[in-house]
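Undergrad: Before anything else, here's the structure in question.
Bear in mind these aren't lab numbers, they're just calculated from the coordinates by the rules spelled out. Remember, it's a predicted structure, so these values are computed and weren't measured experimentally. Here the Cβ positions follow ideal geometry from the backbone for every residue, glycine too, while neighbour counts run over all protein chains shown.
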Amino acid sequence: MTNAGLHLKRIESSTELDPARTLAREFGDWATQQVREQLGIVIPTDADHPNEALDELLASGGRLYIAEFDRQPAGIGGLKRLSGTSAEIKRMFVRPTTRQRGVGRAILQQLINAAHELGYDTVYLESARFMTSAHALYQSAGFVPCDAYPGREFESVDDHNISLFMRLDLSHEHHVTVP
């Protein structure tokens, strides 16, 4: 995919994971800080958790993409199988320095395309309530709010009601395009 310096690459093996691990760690640190600052909630962190989640994503047949902007890692996004008919968007993150340049939109479109390719009927996601810019992007692609869904990663953390859940129904759509 091209967009004035933007390139998406599928990560297919653990030997290619280093840039994605760095971005996942940045995302975890940023989100933990935002939850603390905006909601006053301190979430215990596990420094290896983002790395383990990326390894598990690849091992389970999921998809992981890294976006490069001007040849520098700019964002990541993954698609995790939940069931034979549903998947979940994971680790969607764009570095603050490359936001508002179409990076998130390109990653989201690639994840939706991958979900179509893999035959999923529904794509879910979990996002922190304060990530309103991300919610607007997801809504522009047709995602709608939904109840919490089984198999999500942070089931034990949401005792504080920090998450928003969304789903995209692909069963009736021939192709969803992120505007």
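Undergrad: Extension gain Glu12-Asp147, at 0.36 nm per residue separation less the Cα-Cα distance, in nm? Intermediate values should be presented prior to the final figure.
TA: Details: separation 135, 0.36 × 135 = 48.60 nm, distance 3.15 nm.
Computed gain between Glu12 and Asp147 is 45.4 nm.
Undergrad: Continuing with the same structure: Which value, in debye to the nearest 20, gives the size of the charge dipole of region 6-169 about its Cα centre, when Lys and Arg are +1 and Asp and Glu are -1 at the Cβ? Don't jump to the answer; show the numbers that get you there.
TA: Working: 18 positive and 23 negative charges, 130 e Å.
Dipole of region 6-169, to the nearest 20 debye: 620 debye.
Undergrad: Which loop-located chymotrypsin sites (Phe, Trp or Tyr not before Pro) does region 73-159 contain, where loop means any DSSP state but H, G, I, E or B and the Cβ has at most 14 other Cβ atoms within 10 Å? It would help to have the intermediate numbers written out before the result.
TA: Details: sites: Phe93, Tyr120, Tyr124, Phe130, Tyr138, Phe143, Phe154; in loops: Tyr120, Phe130, Phe143, Phe154.
Answer in residue order: Phe154.
Undergrad: What is the extension gain from Ala4 to Glu26, computed as 0.36 nm multiplied by their sequence separation minus the C-alpha to C-alpha distance, in nm to one decimal?
TA: On the way: separation 22, 0.36 × 22 = 7.92 nm, distance 2.43 nm.
This chain segment gains 5.5 nm when fully extended.
Undergrad: Sticking with this structure for a sec: Dipole of the chain (Lys/Arg Cβ +1, Asp/Glu Cβ -1, origin at the Cα centre): which of Ala136, Leu23, Gly61 lies farthest to the positive side?
TA: Value: Ala136.
Undergrad: If you don't mind, there's one more thing I want to ask. What's the whole-number percent of alpha carbon pairs in region 6-169 lying beyond 20 angstrom? Write down the numbers at each step before the final one.
TA: On the way: 6484 of 13366 pairs.
So the portion of pairs separated by more than 20 Å is 49 percent.
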